[in-house]
Every structure is written in structure tokens, then in C-alpha cells.
Ligand code: NA
Ligand code: NA
């Protein structure tokens, strides 16, 4: 079998080299691929990212890397479909379920949107929550309005601006700089695992959880079209079988495990209280966020996607698949 | 040709000096005002960090033209003196044409990058400005750096021009 | 692995024959990448890489700390710092050289560049040392070596660059540089003492200073100390980011210069800002080149081959560090400081991570080695700087005078190596 031509997929990982995406998720996928193709296709992950996070898709398109993971928020000008999972109040704590739901929605509604690259998989990470930095938990619109809030740019920041909250927005990796210095008294947009990863535990007093979560983040795993065409149909099928929802669930599970570990630390190390959101608060915020959903549906429809149907389908799939 | 370069280059450079000086000053002032605003008035400047990023890129390429014009780049002077003695004409021409060629690649690729940013219609993450405005300016400055470098190369035998600048310190 | 080594070989050749370091590095990186991925991807990668790095928030500390150094340079502080140090140390044997070391340390505390430190101190300290008949080799050697403190005592541009390349917290690296900086000052003073003990004629004692003059000079020390405490304290207490600290440092330095009668006209401002911009650009073109080259190395497989070697031979973290230090000392003989950091660190990063090496500690070690490189022959940047200000001194004399300080540097390297706490103690307190 060694005589056979070998294809090697140069797979980029933009997270820091020690992150589980680079040390476990992508290497596991590599093992699956190698096994499924009897060693005809293997992967190589460079020790350092070949491009900055916003440029992952572009770098695959240009052949700098063969495959890479793209945070969909950075490519809103290229694709609209996968942002269905980043609408307000469609998220569940069951990230693997959301990932499968997104893949199903992709296949049914927006498969044509991926041009220049071939979509290998998609996944959604564990949802963002609302955090208070002082002793009063945030559990009403008025609680929010009385504070200055750090928010993830995009959905969450726009929602906060809409209801009149003072917002400091910035990339997640710079959250620590703002939050640790007492510039704000609350923050929205991070899941518990990110609280731990960005060392925000000591600056956070309580977390408020909605029944349907306020927001989550989705990623696309894409491969260069020409590279994909180099692979024989037989091997393509084998790779597809270990990608799609199988890969998406596997990746998402790492965030679920991370959240579990972080929540344990909420109790044992940082004494962060966890509250369930008042249903009136959740209803009011859901209502206030309708304009964002309408905006997404319009953008999707403009792109030739049946926006309303895709949105409903995703929401139904998430609730059907969710076990958490 | 040389006389044209001799007449034009100092003027271009003094404009570029003024631009770079202003950019760096704004960068310093913005950083300072943002911190003061945050602590004294609890009013940080929205998107200050992102603005600083853009200013950095512009400052670098503004400054690069000043460096390119006089070819005051970092070198390792190990065999260079020996080579210069043996090939007094060839060595500088070779070295500087090489610099120009690489600089041309940089300017070309940054321009391509700017055009793509325009075609895709990317926006900056926090301020949501059109990305092409920022990267287009940077690409433009890199093209100017290249032009100035070529003009400087044309004048490299001109003793008056070479005496124009002192010790790079 | 072979590809990468050939790439390094060609790069060294190009640099040795006088091709500009930044352009040569970028070119070799581009071609190396193209040979593995094709020309079109290699060109796109180059454009992307340059644009990303030019717009990196973390890298914005570099121009601002450079600007801070330029303002401080123009504030004409070095004379007063020197006089203040002299008022305490001048009467001892070798006192003028001791004062030079201390004044260099003071200047380093508010300037991120070793070249500026060496240049300004040459102008200030050479005159008095000649007046007291100090041997030129001791005085020039002291200044060349004292200048290297500029990059160990924070703020430090090389520490920033290490932080970027190794993805380490720049604030922690600065704090980590404080104790090794103090250690170096002590060792350099020790080196002076040993030289004058062996050869008392090389550095006689000076005369006591007029008390009024001493007090006047000492007053100049306070703003410097205040600015250092503000910048470092702010970083240490997480009051501001290193970038913000650099902005505050630059404004503070401008204020000091203004109070001392400088920066009072538009042309003065313009000159200072233009000078900082030029230094920034010279550095960044090397940074761009090195980061493109690093992407070629990234694909070449060399970093993982090294990981395999480390695992096959069951090398410990310490052994890898010794190996890297050895190469860095060799490279330091011909390359200036930034080149070593940018070319060497990316290659060994995965092996160092795999071996669990503390990267803050490693960063301090690497910067110590690059300091050494600034004074080792044949290319010693600081030696050249002293020489360019004092053209009548023979290069050989300066290199001779630097020997005692090379020994001191090696002792410092050994001490930080065996007692990593010297570097890691303060940053651990930050957590
Ligand atoms: Na310093
Ligand atoms: Na050297």
C-alpha cells in the first residue's frame, strides 16, 4: 500500500498551539481521515498558524493552507447561512446538538453558499451567558441599563446598544484587559470555559442563565476546492463520513467538557453564583432582540436562502436534538 | 533623470516626514487620552485599540519611505567592506536593486490585499469601518515607499544627496 | 529539515554579503514557502502576514517605547544622571566607570534601546574619564557594555519582540527583566572593580564633587525614577496594558524633556517624531522579513523534526535551553539583537513547549544572550556605536575593554540559568 500516491492536507489551526483544537480536535480528525482512507490521505498541522483568525477562509481559498477553521462572524460578507446559529435566543447548552442541527440546516438550505471552498463540517460552541461583576446579579433589563457592559462585537453588542446599555465592545481575546480593570460592571458574550481561559474568574461575581441561551458562536471547517478535487471520489466519501456532524459533535464536546470543568471552578475557586433568569427578563430581552433575527432573515432571503424556513428549521432541530 | 529626482525627492520626503510625525503623535496622544479618559472620566474612547492598530500600520509605511530613500536598512557588515573594495560599482547596485525588487513585491501584494478587501467588502471588527480605507492607505504608502526608494537609488552617486543625511543614529 | 537548513544557509550568505537583513529574510522566506506551496499562495501569504503584523495591537508598543527613548535622549538627562551617580561613587577607585554603569542603568529604566543608551553615555562619560586619565579601553568598554542594560532593564524592545514571537505576556516579561537587570548592574560594577584592582592605573579615583552641583544633578533623578515606577508599576498592577504604558511613558518622557527646556518648538517635536518613525520602520522591515521566513520554517517541518530529536534523545528542557543558548551566542557574534530573536526562537518554540520550559525565564535568557551579542566581536553593535561617537579610539581597544563585561554577562547568564527564580519570582507575584 505504500506504493500508492499519498495526499497530505495541510490543516491550519489558528488557536494557540496548546489549545485543544490544535492538540486534540484536529489531530483526532486526522487519525479518522487516515484510517478511513487506508492511509492514502493524511493531514499535517503546522506548529504555528499560517494566517490570522479573520483570514482563515481566505488563506484556504488562496492555497496558503489546504484546510482551516473559520469563525463565521468574520466572514459575514461571504456567507449568511451559518450565522443562523448566531441569532439571539436560538442557543442551547447542548453544543453537539446545535452543531448537528447547523449541519442539517446547511445541507437543506444554504449548501450553495460555500464558493471557492468545500465545507467539511460546521459546529457551534457552548453558549454565552450574562455575568455581573458586582454583588447584584443581572436579572432585569433595568439591571442591564444601569451598568456599563463589555460585550462581544456583533449580535450581543448590537442588542445591548439597542436597549440603551453602555457598551465596550472588543474581541474576546482582549476581554481580560477591559474586564479585569473595572472599566465595566458586567460582561456578555463568553461561555464558562472562556471565563476560565481568559482568567476572568476573579473579576466575576455571578452568572445569569437563560432557558434558551442568549447567543452562541459557530465555526466552519473548510477545505480548498482544488485540493478536494484531487482526492478520489472513494476517499472523498470516506472523509465526508468522518467529517460533517461527526466532526462537529466531537469538536463541540470539547467545549461542553470545558464548561463542566469551568463551572466546577465557579464553585470551588471563584465563588461565582449561578442564577436562572427571571422569565420576565428573558421574555423582554427576547422581544427586544427580534430586530436582529429579522435582520438575519432579510439578509438570508436577499441571498436566495429561504430565511424564515431555515431559521425555523434550525430552532426545531436544536430543540429536537438537545439533551441538556 | 537624476536632476529631476534631485529636485523632487527632498520635497516628497519632507511631506512624508510631516505625515509620519503626525501619525506617531496621534498614536501617542490617543493612547494617553484613552487611559486618562478611562480612569479620570470613566469614558474610554470607543475602538481606541483598533485605531491604534491602524495608526501603527500607517506610521510604519510612512517611516519606511524615509528609510528606503537613504537605504538606511539594517545590515550585517561582515564581508561587505571586502566586497565593496573588490567590486565598488557592482556591490551597491546589486544590493540595492535586490532591495527594490523585494520592496516591489511588498507594495504589489499589499495593493492586491487592499483590492480584495474592497471586493469582498470587509469591515473592521470593532469600529465597523470599511477595511479597504485602512489597508488601501497602507498599500498606498507602501507604493510611495517603493517610488522614493527608486528615486534614492538613482541619486546614489550624487554626493550632495548622499551628504544630505548624517549618521543613521 | 534539509530545506530549512539550506534556507538558513542562503540567508546568512545574503546577509554577510551586505544584502539588507529585512529584505533578504523576506525574500528567502517567500521563495522557501513558494517551493512548498506554490508562488501564488506564497505571495498572498506575504501580503497577509505583513498587513496583519503592521496592524498588530501588541506591536504598537514598539514605536511608542522608541519614541519614549528618543524624548529621553533629547531631554539631556544623561549628564545629570552621570553627575548624580558620580556624587556617590566618584571618590572610589574606578569611580567614574562605576558611575557610568549606574547612569546607564538609570537611562535604561526609561529607554528601550541599547544603542541610544551607549550613544548618549559616550558623549557624557568619555570626557570626564579622559580627564582623569582612565584607559580608553576601560572607559569605552564600560560604556559599550553599560549600554546593553537598555534592553534588559525594562522597557525593552527585544523583550516585546520575544513576547510577540513566543506569544508571552509582555507585561510579565518586563517585570521579569527587573531583577536580572539589577543583577547585571551589580556584576558590571564588579567587573569594573576587578579591572581597576588588577590595573589601578586604568581607573583612578575622582575628586569629590561640589555639594551644590551634586544636589542639582540629583534632582534630575526623581522624574526618571517616577516615570519608571509609573510605567512599570502600571504594568505590574495591571492598571494598563503595555501599549498604554508605552503611550504614558512617551508622554511622560516628553514632559521631562519639556521641563528641562527641550521640545519647545515645532521643529524639535518634528525631529524627535521623525527619528522615532525611522527607527520603527527599520525594525519593522526586519520583523516582516522574519515573520515571512518563520512561515517558511513553519512548513519546512524543522520545528517538529526538532521535537522528534528531543524526544528520541530524551533531552530535558534544560538541555534544549543550553543548546539554544549556544547557537544564540554564535549568532550574536554577527547578528544584531532583533535578528537572533526573530530567526531562532520560532524554530525551537515547539520543542521548548513540549519540554515544558518556562517561557518567561527563557525570554530573559535569550535577551541576556542578545545583550552579549551587542559587545562580542566581530560585529558588536554597541562597540560600533561608541566608536562612531569617538572615532579616535581603536576598535580593538574597545573590544579589549569589553572582555571583563563579557565575563560578567556570562556569570549573569549562569546565575539566571541555575536560579530561574531571579527571572520568574516577580512575574509570579503578578498572578
Ligand atoms: Na530599558
Ligand atoms: Na556580536
Compare C:247, C:127, C:317 in a GNM of chain C, Cα atoms joined below 10 Å, and give the one with the largest fluctuation. C:127
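Taking the square root of 5 times each eigenvalue of the Cα gyration tensor, what semi-axes in Å does the equivalent ellipsoid of the stretch B:2-165 have, largest first? If you can, show how the numbers build up before the last one.
Working: eigenvalues 267, 71, 43 Å².
Semi-axes (√(5λ), whole Å): 37, 19, 15.
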Taking Cα atoms only, helix C:136-147 is inclined relative to the longest principal axis of chain C by an angle, in degrees rounded to 10, of 60
Residue-averaged [θ]222 nm for chain A, counting only DSSP H segments that reach four residues, each worth -39500 (n - 2.57): -11500 deg cm²/dmol
Bin width 5 Å, origin at 0, all Cα-Cα pairs of the stretch A:6-103: what percent of pairs per bin? 2, 12, 18, 19, 21, 18, 8, 2, 0, 0
What is the log10 of I(q)/I(0) for the stretch A:1-59, computed with the Debye formula using one identical point scatterer on each Cα and no solvent, at q = 0.17, 0.25 Å⁻¹? -0.60, -0.99
Span per principal axis, largest first, for the Cα atoms of the stretch B:1-64 (Å): 57, 16, 12
Kirkwood-based Rg to Rh ratio, the stretch C:74-130, C-alpha trace: 0.94
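By count of other Cβ within 10 Å, fewest leading, how are A:22, C:15, C:104 ordered? Working shown, then result.
Details: A:22 21, C:15 24, C:104 32.
With the sparsest Cβ surroundings first, the list reads A:22, C:15, C:104.
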Starting from the Cα coordinates of the stretch C:368-431, work out the convex hull volume and express it per residue in Å³. 91
Equivalent ellipsoid, the stretch A:237-277 (semi-axes from 5 times Cα gyration tensor eigenvalues, Å): 34, 10, 4
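So how do C:57, A:311 line up by other beta-carbon neighbours within 10 Å, fewest first? Don't skip to the answer; put the middle values down first.
Numbers: C:57 17, A:311 21.
The fewest-first ordering by Cβ neighbours comes to C:57, A:311.
If eta is 1.306 mPa s and T is 10 °C, what Stokes-Einstein diffusion coefficient results for the stretch C:1-130, Kirkwood Rh from Cα pairs, in µm²/s? Display every interim value, and only then the final one.
Values: Rh = 18.3 Å.
Reported coefficient: 87 µm²/s.
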Averaged over every viewing direction, what's the projected area of the C-alpha convex hull for the stretch C:209-276? Give it in nm², one decimal, please. 6.0
Cβ-Cβ FRET estimate between residue B:15 and residue C:255, R0 fixed at 25 Å, reported to 0.05: 0.30
Normalised alpha carbon radius of gyration of the stretch B:30-91 [divisor 2.2 N^0.38 Å]: 2.04
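Which whole-number value in Å³ per residue fits the convex hull of the alpha carbons of the stretch C:66-173?
Numbers: hull volume 10.1 nm³, N = 108.
In the stretch C:66-173, the Cα convex hull volume per residue is 93 Å³.
Can you compute the helix-only [θ] at 222 nm over chain C? Use -39500 (n - 2.57) per DSSP H run of at least 4 residues, normalise by all residues, nearest 500 deg cm²/dmol. Walk me through the numbers before you get to the answer.
Values: 22 runs with 343 residues, N = 431.
So the calculated ellipticity at 222 nm is -26500 deg cm²/dmol.
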When chain C is treated as a GNM, springs tying every alpha-carbon pair under 10 Å, which of C:287, C:322, C:340 comes out with the largest mean-square fluctuation? C:322
Scattering curve values for chain A, log₁₀ I(q)/I(0), Debye with Cα scatterers, q = 0.08, 0.09 Å⁻¹: -0.37, -0.47
The stretch A:201-324 pair-distance distribution - Cα-Cα, 10 Å bins, rounded %: 9, 25, 32, 23, 10, 2
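I want to verify the translational diffusion coefficient of the protein assembly as shown in µm²/s; compute it with Stokes-Einstein, Rh as the Kirkwood radius over Cα pairs, at 4 °C and 1.567 mPa s. Could you put the intermediate results ahead of the total?
Numbers: Rh = 29.5 Å.
It diffuses with D of about 44 µm²/s by this estimate.
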Please identify, among A:69, A:168, A:183, the residue showing maximal mean-square fluctuation in a Gaussian network model of chain A using a 10 angstrom Cα cutoff. A:183
Per the 1/(1 + (r/R0)^6) rule, R0 = 56 Å and r from the Cβ atoms of residue C:2 and residue C:216, FRET efficiency to 0.05 is 0.30
When averaged across all projection directions, what area in nm² does the alpha-carbon convex hull of the stretch C:20-430 cover? 20.2
Restricting everything to alpha-carbon atoms, can you work out Rg to Rh for the stretch C:141-291 with a Kirkwood hydrodynamic radius? 1.02
I'd like the per residue volume of the convex hull spanned by the Cα atoms of the stretch C:301-410, given in cubic angstrom. 97
Taking the number of other C-beta atoms within 10 Å as the exposure measure, put A:37, C:142, C:370 in order starting with the fewest. A:37, C:370, C:142
When ranked by the protection proxy of mean other Cβ atoms within 10 Å per residue, highest first, what sequence do the peptides C:372-382, C:85-95 form? C:372-382, C:85-95
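Count, for each residue of A:45-58, the Cβ atoms from other chains sitting within 10 Å of its Cβ, then give me the mean as a whole number. Intermediate results must be reported in sequence, preceding the final value.
Working: counts 1, 9, 15, 12, 2, 9, 6, 7, 2, 6, 8, 0, 1, 7.
Counting Cβ atoms of other protein chains within 10 Å of each residue's Cβ and averaging gives 6.
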So what's the angle, to the nearest 10 degrees on a 0 to 90 scale, between helix B:131-154 and the longest Cα principal axis of chain B? 20
Would you mind giving the mean number of other chain beta-carbons within 10 Å of the Cβ of each residue in B:106-113, as a whole number? 6
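Computed from the coordinates by the stated procedures, all read-outs in this text should not be read as laboratory data. Everything numeric in this text was worked out from a predicted model, so none of it was measured. Counting neighbours? That spans all protein chains shown, and the Cβs are built from the backbone with ideal geometry, glycine included.
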